[in-house]
Amino acid sequence: MTTETPTSHIPLSARRRWRLGDVLLQGIAGAAALGLAALMVLLVVEVVGQAHAALSEFGLGFLHTSVWNTVKDTYGALDLIFGTLVTAAVALLIAVPLAIAIGLFLSELAPRALRTPVGTMVELLAAIPSVVLGLWGILVLGPFLNEHVEPFMIAHLGFVPFLDGFPSPVGLLPACLILTLMVVPIVASISRELFTSVPGELKQGALALGATRWEMVRGVAMPQVSGGLVAAVMLGFGRAVGEAIAVTQVIGGSLTRPDSIYAPADTMASRLAAQYAGTATSLQKSSLAYLAVILLVISLLTNVAAQVIVRRIQRRLGHR
Amino acid sequence: MSTVSEPDRAERTEAAQPEDTTDAVLQQSQSKLGELAAQHTPVPEEQREPVLRLDGVTVSYSGAPAVCDVTMDVFRYQVTAFIGPSGCGKTTLLRSLNRMNDLITGATVDGRITYHGHDLYGSAVDPVEVRRRIGMVFQRPNPFPKSIFDNVAFGLRLHGMKDNLDERVETALSKAALWDEVKDRLNKSALALSGGQQQRLCIARALAIEPEIVLMDEPASALDPIATQRIEDLVGELKRDYTIVIVTHNMQQAARVADMTAFFSVDVKDGGHRNGVLVEYAPTADLFIRPADSRTEAYVTGRFG
Amino acid sequence: MSAVGNPLVSRGRRARRRKLTGQIMEVLATAAALLAAAALAIVIITVAKRAAPALNVDFFTQNAAPFGGAGGGIENAIVGTLIITGIATAIALPAGVLLAIFNTEFAPRRLADLISLTLNVLAGVPTIVIGVFIFALVVVGRGQSAFAGSLGLSIVMLPLVARASEEVLRLVPSHLREGGMALGATRARTVITVILPTAIGGIVTATIVAVARAAGETAPLLFTTSIFVGTAVNTDPSQAMASIPMVIFSYSESPDPHAQQQAWAAALVLVAVVLVGSIAGRLLSLRTRRQIEQVR
């Protein structure tokens with residue numbers, strides 16, 4: 001890139017200043033990038049550092065020990081892992097089909113005029129702060145479930161293991177439902193994008209063979225975007241596992257394993273939020289940090305996996 | 001004339017020559033078209049059996065007509081070509097024959113299209129049934145991201161034609177002149193095939209569900225000349241068992257493959273609104289050699305694009 | 001034409017079943033969308049209804065009543081949220097834009113991809129873990145501070161600002177970039193005088209959305225700025241400060257109906273801020289996109 005003629009009318013000092021500016025900008029921008037890397041490393045180091053005592057004390061046994069005793073100063077995450085997995089699984093079980101259906105609605109079925117308003121409403125659901133959802137959960141959803149839904153479920157579905165118990169205003173069920181509300185918008189907006197990206201000619205090819213719209217979706221559109229849907233579910237899972245505030249508000253913070261879906265329970269993120277600020281012993285604090293490490297590992301794995309899938313899809317699309 | 005001076009006349013004769021040459025070329029091309037078209041022995045009118053009858057058909061998008069007032073019949077076991085300049089609504093009309101325009105919001109069809117006497121757009125009519133009987137092949141090959149076998153079997157599974165699935169797939173691929181090339185790799189992805197092969201796969205896919213009519217929208221325009229030739233040969237073979245309507249912007253192609261040809265043109269109304277109209281519909285030989293309408297003649301002799 | 005013998009009418013069990021299945025699926029999909037919209041409406045309306053009694057001028061201009069008595073407001077929390085979010089924005093905005101510039105102007109393809117990957121991964125880290133991180137980094141040994149809370153929020157905001165800014169910068173047509181450089185301007189000059197001004201709308205939008213999101217976050221504040229002295233308004237970032245999310249959080253667990261009332265009202269304020277910010281962000285982003293398209 002030659003700068004001879006065009007800039008020769010600019011005084012030397014100014015040119016030197018701008019070239020310096022070039023170096024400066026590249027330097028600062030590069031520093032930001034390095035800062036990002038440093039941030040990630042620091043994040044891992046500090047969190048693991050906080051957990052160090054518990055890591056060395058309990059090792060991997062922490063993951064399959066079911067105790068949380070501040071008197072004996074011994075801790076294990078098994079019940080919390082159970083709570084985390086149950087709430088996340090139930091939330092995904094309800095949220096994913098709902099969200100894919102919404103994605104289909106927004107991309108295929110809805111009359112054009114409705115697409116933006118309904119789409120916006122779904123995305124605004126994601127914008128509601130989790131503490132507000134938690135507030136609504138404690139003061140509205142929980143009591144409602146306790147008075148009307150849970151007795152009904154116990155009466156009619158009580159033969160199913162884990163669905164028989166005593167109604168409670170706090171517990172796994174409200175936590176699952178709140179998490180569902182959080183996961184739906186994430187998966188729905190990704191699904192919508194995915195279905196919109198299916199080439200029109202593919203859809204028309206299926207319809208021209210006499211497929212109904214649903215048959216076209218099931219036979220051609222969904223297989224086409226299946227990778228992306230998997231990535232979306234992973235992101236939803238990550239969200240459900242990592243949510244601390246709303247869950248801790250509605251789940252009851254119980255120290256024992258719940259015997260039914262109505263009973264109070266706890267998840268890793270929720271326990272962390274509830275106890276980390278004021279712990280009795282430093283080992284307790286460290287054990288809570290250990291929970292943070294587990295959460296960090298889960299989130300790193302799911303997010304990296306989701307990104308890898310997305311990259312692969314983008315490359316395949318670019319290829320064609 | 002007698003007042004023209006000698007040098008001027010010489011100039012004019014000089015100037016006249018390039019035009020003469022162009023005229024000569026155009027006449028040659030028309031006679032070439034005529035040669036190709038003359039290969040088709042026209043079926044006598046009494047023996048032509050209409051499967052689709054169009055009566056005053058106008059297709060509009062959100063109120064704006066795209067092609068107006070078309071009246072014509074499509075005859076059984078014949079290849080009917082729609083030709084004409086771009087923008088004259090050939091594809092729009094084609095898509096209304098299997099109700100694919102239903103998918104476009106705001107698309108309306110006025111007039112009457114009947115299939116064996118039944119109104120295609122009747123209130124009780126199920127578009128799914130229409131499309132089972134009237135298949136379509138698109139301009140660009142659009143195989144599903146599945147195996148070759150599953151592509152062909154897709155329609156069969158949809159419509160419950162699952163008995164002897166393997167046989168049906170083989171038959172369809174044979175009819176599309178693709179069987180020999182893929183019989184050893186039916187489980188491989190259809191996307192690995194070449195463009196021409198993919199298009200023949202799409203034809204096989206359409207044939208598998210045993211339609212009566214096959215609509216083709218410029219099926220060879222995205223293919224190289226050799227693949228195009230194979231598609232044209234295929235059309236010639238298929239007309240023994242199927243009725244084919246083919247849209248093409250290539251006159252030679254129409255002359256080669258079609259028994260009947262419909263020429264569409266663009267009509268510009270006051271206000272600048274353009275829509276397509278059916279200008280002339282006749283046996284191919286007649287249309288190319290002795291066009292009845294001056295617009296047809298202008299088009300087939302290449303005087304305008 | 002009668003339907004008898006009409007081949008175009010679906011007959012047979014299979015055909016009718018297929019048609020019915022298709023219709024049922026379409027109904028279900030519509031129902032799902034309506035369900036989501038209804039959920040949103042229910043939550044917002046409930047918050048508004050329960051907050052209504054507590055909303056008066058006092059609510060915004062007074063601090064919490066001593067010992068949770070009647071009256072009082074969340075003035076200190078509002079001020080606190082403004083300051084904490086403000087500092088967080090002051091950190092995240094330049095950092096995010098610089099990262100976006102690095103990715104679009106200086107980084108080779110693979111490095112840019114890696115940085116994008118890192119940002120996406122960072123965005124996925126649970127906010128409670130970020131709270132632990134900042135606690136370990138800044139609070140340990142020093143005590144809580146609003147500044148620590150700001151750091152946590154800035155980490156939440158960073159990926160949002162960086163990703164959205166990068167999107168906008170990439171939208172800027174290359175002929176603007178090349179035009180600047182062909183005239184002999186250096187990269188820096190082109191970026192600062194040509195590209196950034198074109199992209200500024202999108203960057204502002206991204207910031208608004210990120211701020212709306214950060215204002216509602218509780219977890220990064222939980223261990224960093226939740227315990228504060230007294231209920232007076234505090235403007236010193238080196239001390240812990242009240243914040244609206246923390247008010248909601250702590251009052252939501254209280255059995256005192258008055259505290260709950262305040263929580264609803266604070267929730268309404270938060271929801272209003274977040275919703276207005278999100279909607280404004282979307283509208284602005286559509287407008288910016290259109291503007292940049294015109295420049296093409």
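Counting only helices (runs of 4 or more DSSP H) that sit completely within region C:47-136, those holding 3 or more residues that are more than 28 Å from A:Gly236 (Cβ to Cβ) correspond to C:57-61, C:75-101, C:109-124. Among the residues of this structure, C:Ser278 does not count as one that is in a loop (DSSP other than H, G, I, E, B) and among the hydroxyl-bearing types (Ser, Thr, Tyr). Number of residues in region B:132-169 that are closer than 18 Å to A:Val220 by Cα, of a type in the set (D, E, K, R) and facing chain C (nearest Cβ under 10 Å): the value is 1. In region A:53-95, the residue that is nearest to A:Pro258 (Cα to Cα) out of those that are in contact with a His (Cβ under 9 Å, 6 or more places away or on another chain) and not in a helix (DSSP H, G or I) is A:Ala77. What do you reckon, is B:Asp180 away from chain C (no Cβ under 14 Å), more than 23 Å from the chain's Cα centre (by Cα), in a helix (DSSP H, G or I) and modelled with pLDDT under 95? Considered against the rule, which asks whether it is away from chain C (no Cβ under 14 Å), more than 23 Å from the chain's Cα centre (by Cα), in a helix (DSSP H, G or I) and modelled with pLDDT under 95, B:Asp180 comes out as yes. Going through (1) exposed (fewer than 13 other Cβ atoms within 10 Å of the Cβ); (2) touching a helix residue (DSSP H, G or I) at 6+ places or on another chain (Cβ under 8 Å); (3) more than 7 Å from every other protein chain (Cβ to nearest Cβ); (4) modelled with pLDDT under 90 one by one, A:Thr70 falls short only on (1).
Check region C:225-238 and report whether any residue there is assigned to a helix (DSSP H, G or I), within 11 Å of another protein chain (Cβ to nearest Cβ) and touching a helix residue (DSSP H, G or I) at 6+ places or on another chain (Cβ under 6 Å).
Keep residues of region C:225-238 that are assigned to a helix (DSSP H, G or I), which gives none.
No - not one qualifying residue is present in region C:225-238.
Reported count of residues in region C:154-207, each being β-branched (Val, Ile, Thr), part of a helix (DSSP H, G or I), more than 10 Å from chain A (Cβ to nearest Cβ) and touching a residue at least 24 places away in the same chain (Cβ under 8 Å), is 9.
Of everything in region A:18-67, what is of a type in the set (Asp, Glu) and within 18 Å of A:Val293 (Cα to Cα)? Give them in sequence order.
Filtering region A:18-67 for residues of a type in the set (Asp, Glu) gives A:22, A:46, A:57.
Listed by number, the residues that qualify are A:Glu46, A:Glu57.
Screening C:Ala265, C:Ala219 for residues that are within 7 Å of another protein chain (Cβ to nearest Cβ), modelled with pLDDT of 90 or more and within 22 Å of A:Ser130 (Cα to Cα) leaves exactly one candidate, C:Ala219.
Can you go through A:Gly219, A:Gly210 and tell me which one is at pLDDT below 95, within 14 Å of chain C (Cβ to nearest Cβ), within 30 Å of B:Phe154 (Cβ to Cβ) and crowded, with 22+ Cβ neighbours inside 10 Å?
Residue meeting the stated conditions: A:Gly210.
State yes or no: is A:Gln275 over 17 Å from C:Gly124 (Cβ atoms) and in contact with a Lys or Arg (Cβ under 9 Å, 6 or more places away or on another chain)? Yes; evaluated as a whole, the condition is true for this residue.
A quick yes/no check of all residues on (1) closer than 24 Å to C:Pro94 by Cβ; (2) within 27 Å of the chain's Cα centre (by Cα):
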site: C:Ser165; (1), (2): yes, yes
site: C:Ser174; (1), (2): no, no
site: C:Arg177; (1), (2): yes, no
site: C:Thr193; (1), (2): yes, no
site: C:Leu196; (1), (2): yes, yes
site: C:Ile200; (1), (2): yes, yes
site: C:Arg213; (1), (2): yes, yes
site: C:Thr225; (1), (2): yes, yes
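Would you call A:Gly205 without any contact (Cβ under 8 Å) to a residue 60 or more places away in the chain, part of a helix (DSSP H, G or I), buried (at least 22 other Cβ atoms within 10 Å of the Cβ) and not aromatic (Phe, Trp, Tyr)?
On the way: without any contact (Cβ under 8 Å) to a residue 60 or more places away in the chain: yes; part of a helix (DSSP H, G or I): yes; buried (at least 22 other Cβ atoms within 10 Å of the Cβ): yes; not aromatic (Phe, Trp, Tyr): yes.
Criteria met by A:Gly205.
Got at least one residue in region B:137-145 being over 22 Å from the mean Cα position of the chain (by Cα), more than 30 Å from B:Phe288 (Cα to Cα) and either touching a residue at least 40 places away in the same chain (Cβ under 8 Å) or buried (at least 18 other Cβ atoms within 10 Å of the Cβ) (or both)? Yes, that holds for at least one residue. Restricting attention to region C:268-296 and to residues that are out of contact with any helix residue (DSSP H, G or I) (no Cβ under 9 Å at 6 or more places or on another chain) and not hydrophobic (A, V, I, L, M, F, W, C), the residue that is farthest from the other protein chains (Cβ to nearest Cβ) turns out to be C:Gln294.
Condition check ((1) modelled with pLDDT under 85; (2) more than 14 Å from every other protein chain (Cβ to nearest Cβ); (3) more than 30 Å from the chain's Cα centre (by Cα)) across all residues:
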site	(1), (2), (3)
A:Thr5	yes, no, yes
A:Ser8	yes, no, yes
A:Trp18	yes, no, yes
A:Ala37	no, no, no
A:Phe62	no, yes, no
A:Ser66	no, yes, no
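Among the criteria (1) more than 22 Å from C:Ala33 (Cα to Cα); (2) surrounded by fewer than 24 Cβ atoms within 10 Å (Cβ to Cβ); (3) touching a helix residue (DSSP H, G or I) at 6+ places or on another chain (Cβ under 6 Å), the one A:Phe152 does not fulfil is (3). Has region C:121-133 got at least one residue that is more than 9 Å from chain A (Cβ to nearest Cβ), out of contact with any strand residue (DSSP E or B) (no Cβ under 6 Å at 6 or more places or on another chain) and crowded, with 17+ Cβ neighbours inside 10 Å? No, region C:121-133 has no match at all. A single member of C:Val233, C:Val211 is at pLDDT 90 or above and over 12 Å from A:Leu135 (Cα atoms), and it is C:Val211. Filtering region A:109-134 to residues that are over 30 Å from C:Gln260 (Cα atoms), within 8 Å of another protein chain (Cβ to nearest Cβ) and touching a residue at least 12 places away in the same chain (Cβ under 8 Å) leaves A:Leu109, A:Val118.
Under the condition of being assigned to a loop (DSSP other than H, G, I, E, B) and farther than 25 Å from C:Phe135 by Cβ, the residues counted in region A:272-320 number 1.
Residue-wise test of (1) of a type in the set (Lys, Arg); (2) within 29 Å of B:Leu173 (Cα to Cα).
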{"residue": "B:Glu210", "(1), (2)": "no, yes"}
{"residue": "B:Ala220", "(1), (2)": "no, yes"}
{"residue": "B:Arg230", "(1), (2)": "yes, yes"}
{"residue": "B:Leu234", "(1), (2)": "no, yes"}
{"residue": "B:Thr243", "(1), (2)": "no, yes"}
{"residue": "B:Gln253", "(1), (2)": "no, yes"}
{"residue": "B:Met260", "(1), (2)": "no, yes"}
{"residue": "B:Gly272", "(1), (2)": "no, no"}
{"residue": "B:Thr284", "(1), (2)": "no, no"}
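The values are calculated or read from the model by the stated rules, or taken from the named source; none is laboratory data. All figures in this text were calculated on a predicted structure; none of them were measured in a lab. Heads up, the Cβs are rebuilt from the backbone with ideal geometry, glycines too, and the neighbour counts pull from every protein chain shown.
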